[in-house]
Amino acid sequence: YAILPLFSPAQYAFSLETDTSRVVPAVVAATVLLLFAVCSLALVDGRLRTPVAAALLAVAPLTLFLFDVFRAGSTGLAIGLAVTGLALVGASRFAKGRASEHPWVPLGAMTLVFAAAAISAALDPFGIPRAFGASTVIAVFISFAGILVFAATLFVRVGLASGAAVAIALLVFPGNDHSLPVQPLKLNHQFDIALSDWLDSRADLADYKAARRPYPVVLVSAEGGGIYAAAHAYQALSIISARCPTFAQHVFALVGVSGGAVGNALFAAGVDPMQRPATACTDGPRTLDTAPVTTDHFSPLLARFLLLEPLDRLWPGRLLAADRAMILAESFRLASASPDFLVTPLHASWDPTGARPALISVATDMWNGSRYVMSPVDVPGTLPRLVKRNDMRVVDAAVASARYPLETPTARYDAAPDLALILADGGYYENSGAETVVDIATDIRLESAFWQYGRQFTGAYPGCAVLVDADFRTDAAWHGCDRHIFIIHLAITGTQADPNAQRVSNPTQSFLFDPLTTILESRRSRAALALLRASEALCGTGSMCRNPNSSLGFFRSMISPTEMGLPLGWHLSPVLAAQIAEAAIPSTSFRYLEHAEELDDIAILVMHFDLSLELPNADPSSADLLGSP
């Protein structure tokens with residue numbers, strides 16, 4: 001409790017604020033800490049020469065918790081709990097000496113509290129933890145652990161024996177089970193065939209051919225960042241899809257890292273798989289179901305982590321069929337618009353004839369530090385390519401990409417009978433997802449170049465080609481069954497595409513923290529470099545472009561997590577979710593004809609779905625609005 005206010009993580013501060021506003025969770029947490037103080041004082045009686053110091057330690061957790069409640073803005077509640085606590089602690093002193101003769105009484109009382117909380121969390125993994133909040137879960141764990149350590153210092157022989165037993169159990173017994181549930185792999189999509197089949201099945205492909213425009217193929221990268229990144233990706237994609245009826249069927253792949261992968265999966269679950277004819281985007285109300293990202297996913301995870309997994313770890317066998325990351329995945333599944341889709345095998349989740357994009361989640365292979373891509377389509381540029389015989393569920397792939405330290409453990413993926421992988425958060429490798437999108441786009445462009453070279457110089461490459469056009473607003477030379485496409489990259493991110501954007505002119509040094517700071521900053525810098533590379537390759541607004549004859553093909557949906565004070569965890573308020581939505585997709589983006597003088601990235605992106613701007617006599621035309629490439 002001293003460490004929490006010292007570092008004041010945003011997720012803890014938000015959870016505490018939520019619990020104090022609901023009153024009951026804060027009162028229950030304070031009651032548990034009060035019971036800890038009383039039981040600790042009962043253990044002290046007659047056994048220590050410094051009872052005052054021991055008494056201060058006993059009430060320290062309650063005092064620090066009340067300080068946090070006061071800081072959360074609930075002054076009256078903090079004072080009321082403090083007065084009640086002092087009165088009860090004082091009253092307990094009249095029973096001085098009685099409990100000291102039977103130390104099992106205070107120990108038993110705290111054990112019963114912990115056991116009741118653990119059994120409740122096991123029977124109802126979601127309802128009970130959400131009802132009592134993260135504050136109560138933390139209070140129960142710290143109280144039980146505290147009373148055990150306190151008793152071990154008072155009864156040294158018993159404490160040493162218990163400590164030895166725990167150490168032996170940790171060495172001998174198997175650890176918690178962090179394996180992903182798998183099933184035999186029944187379907188796999190080869191990339192070039194998948195792209196070709198997907199293009200041929202587009203309901204509005206003929207409309208672009210008639211307008212002599214290349215077909216927009218959208219590749220999305222969604223950055224990591226826990227619940228705020230999930231909310232960013234889910235809301236940005238959902239808003240565009242709601243206002244642009246054909247947007248989802250133009251998105252070939254959703255590439256996500258960590259929280260971004262979760263947001264992509266939540267969005268895909270709500271996509272109507274039926275395609276629609278060419279239709280321009282329209283402005284309208286921004287009603288959105290935010291339950292998938294504003295539900296409390298943090299308390300169930302914390303309850304499994306602190307109340308049940310310690311018991312499972314010290315038990316000879318395994319008590320739990322799911323670790324805390326699996327509880328997190330199930331929490332997202334239950335909150336989504338289509339729970340059944342999220343438990344679909346990953347390789348069966350994508351249909352090239354439908355409107356639902358392919359979900360690509362990026363993790364890090366722990367043993368070699370390389371990128372590991374979980375996708376229904378063979379993704380080019382991701383080496384090594386491993387022979388897989390087992391498939392995982394959609395939601396498990398997304399959460400496996402989001403397994404960052406402490407909150408969620410690494411995942412064990414049994415890809416084949418003789419091949420197991422340990423998967424960690426994708427942000428270790430590259431947090432933006434842009435590098436994977438660039439690899440996909442590069443492979444498509446290289447394949448297009450091979451087609452053109454083969455036809456021009458060797459007469460080879462017969463059949464239907466996929467040809468990449470650099471300028472969307474120049475007439476495409478459609479011939480026969482060839483498909484002309486224009487690649488668009490939408491980056492959902494909170495990272496500036498500038499590696500030096502956060503450079504400090506006079507940095508401090510620390511022997512202890514410099515290595516950790518280097519790891520975290522290299523994570524950010526690598527993401528910024530990937531975004532810069534993508535912007536230059538596909539011509540983003542306000543950036544250098546490697547091909548000056550190209551039209552804009554790189555667009556950002558930007559938020560600023562630091563300025564907005566967003567929590568890096570798994571619980572987000574509706575107010576913050578609404579702020580993320582407004583920052584990610586400005587209200588004026590779909591009124592591009594009214595705001596032609598101040599077009600943002602999203603406005604330029606959605607203009608590619610309005611073929612009326614490409615008609616010979618259009619007024620205004622896309623050229624009028626955007627000028628030359």
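Summed over region 419-477, residues that are in a loop (DSSP other than H, G, I, E, B), farther than 30 Å from T408 by Cβ and either among the aromatic types (F, W, Y) or in contact with a helix residue (DSSP H, G or I) (Cβ under 6 Å, 6 or more places away or on another chain) (or both) total 5. Yes or no: region 441-456 includes at least one residue that is aliphatic (A, V, I, L, M) and touching a Ser or Thr at 6+ places or on another chain (Cβ under 8 Å). Within region 441-456, none of the residues are aliphatic (A, V, I, L, M) and touching a Ser or Thr at 6+ places or on another chain (Cβ under 8 Å). Pairing residues of region 491-516 that are closer than 21 Å to G225 by Cβ with residues that are at pLDDT below 75 and open to solvent by 70 Å² or more (accessible area, probe 1.4 Å), at Cβ distances under 7 Å and at least 6 apart in sequence or on separate chains, gives no pairs at all.
Looking across L568, L613, L552, one residue alone is touching a helix residue (DSSP H, G or I) at 6+ places or on another chain (Cβ under 7 Å), of a type in the set (A, V, I, L, M) and closer than 23 Å to A402 by Cα. It is L568. Checked against (1) touching a residue at least 60 places away in the same chain (Cβ under 8 Å); (2) in contact with a Leu (Cβ under 9 Å, 6 or more places away or on another chain), A596 meets all criteria but (1). Counting the residues of region 504-535 that are assigned to a helix (DSSP H, G or I), over 15 Å from G433 (Cβ atoms) and open to solvent by less than 50 Å² (accessible area, probe 1.4 Å) gives 1.
State all residues of region 193-221 that are at pLDDT below 95 and closer than 30 Å to A411 by Cβ; if no residue qualifies, say none. Scanning region 193-221 gives I193, A194, L195. Residues of region 330-341 include at least one that is more than 26 Å from I138 (Cα to Cα), open to solvent by 60 Å² or more (accessible area, probe 1.4 Å), in a helix (DSSP H, G or I) and without any contact (Cβ under 8 Å) to a residue 60 or more places away in the chain. Does D177 qualify as being touching a helix residue (DSSP H, G or I) at 6+ places or on another chain (Cβ under 7 Å), open to solvent by 10 Å² or more (accessible area, probe 1.4 Å) and touching a residue at least 24 places away in the same chain (Cβ under 8 Å)? The answer is no for D177. For region 403-426, filtered to residues that are in contact (Cβ under 8 Å) with a residue 24 or more places away in the chain and open to solvent by 40 Å² or more (accessible area, probe 1.4 Å), the residue that is nearest to A325 (Cα to Cα) is T410. Please go through region 556-586 and pick out each residue that is in a helix (DSSP H, G or I) and open to solvent by less than 40 Å² (accessible area, probe 1.4 Å). Selection gives P561, L576, A577, I580, A581, A584. The combined condition, being crowded, with 20+ Cβ neighbours inside 10 Å, assigned to a loop (DSSP other than H, G, I, E, B) and either among the basic types (K, R) or out of contact with any Phe, Trp or Tyr (no Cβ under 9 Å at 6 or more places or on another chain) (or both), is not fulfilled by R286. Among the residues examined, P316 qualifies as under 19 Å from H178 (Cα atoms) and not in a helix (DSSP H, G or I). Right, D45: modelled with pLDDT of 75 or more and of a type in the set (D, E) or not? No, not satisfied.
The numbered conditions (1) touching a residue at least 40 places away in the same chain (Cβ under 8 Å); (2) part of a helix (DSSP H, G or I); (3) surrounded by 13 or more Cβ atoms within 10 Å (Cβ to Cβ) are all true for P125 except (2).
So which of A269, A242, A236, A303 is within 23 Å of T18 (Cα to Cα) and more than 14 Å from the chain's Cα centre (by Cα)? Sole residue among the options that is within 23 Å of T18 (Cα to Cα) and more than 14 Å from the chain's Cα centre (by Cα): A303.
The values are calculated or read from the model by the stated rules, or taken from the named source; none is laboratory data. Every value quoted in this text rests on a predicted model; they were computed, and no experiment measured them. All Cβ positions, even for glycine, are placed from backbone atoms using ideal geometry, and neighbour counts span all protein chains on display. SASA here: full protein model, heavy atoms, side chains in, ligands and nucleic acids out. Shrake-Rupley method; radii C 1.70, N 1.55, O 1.52, S 1.80 Å.
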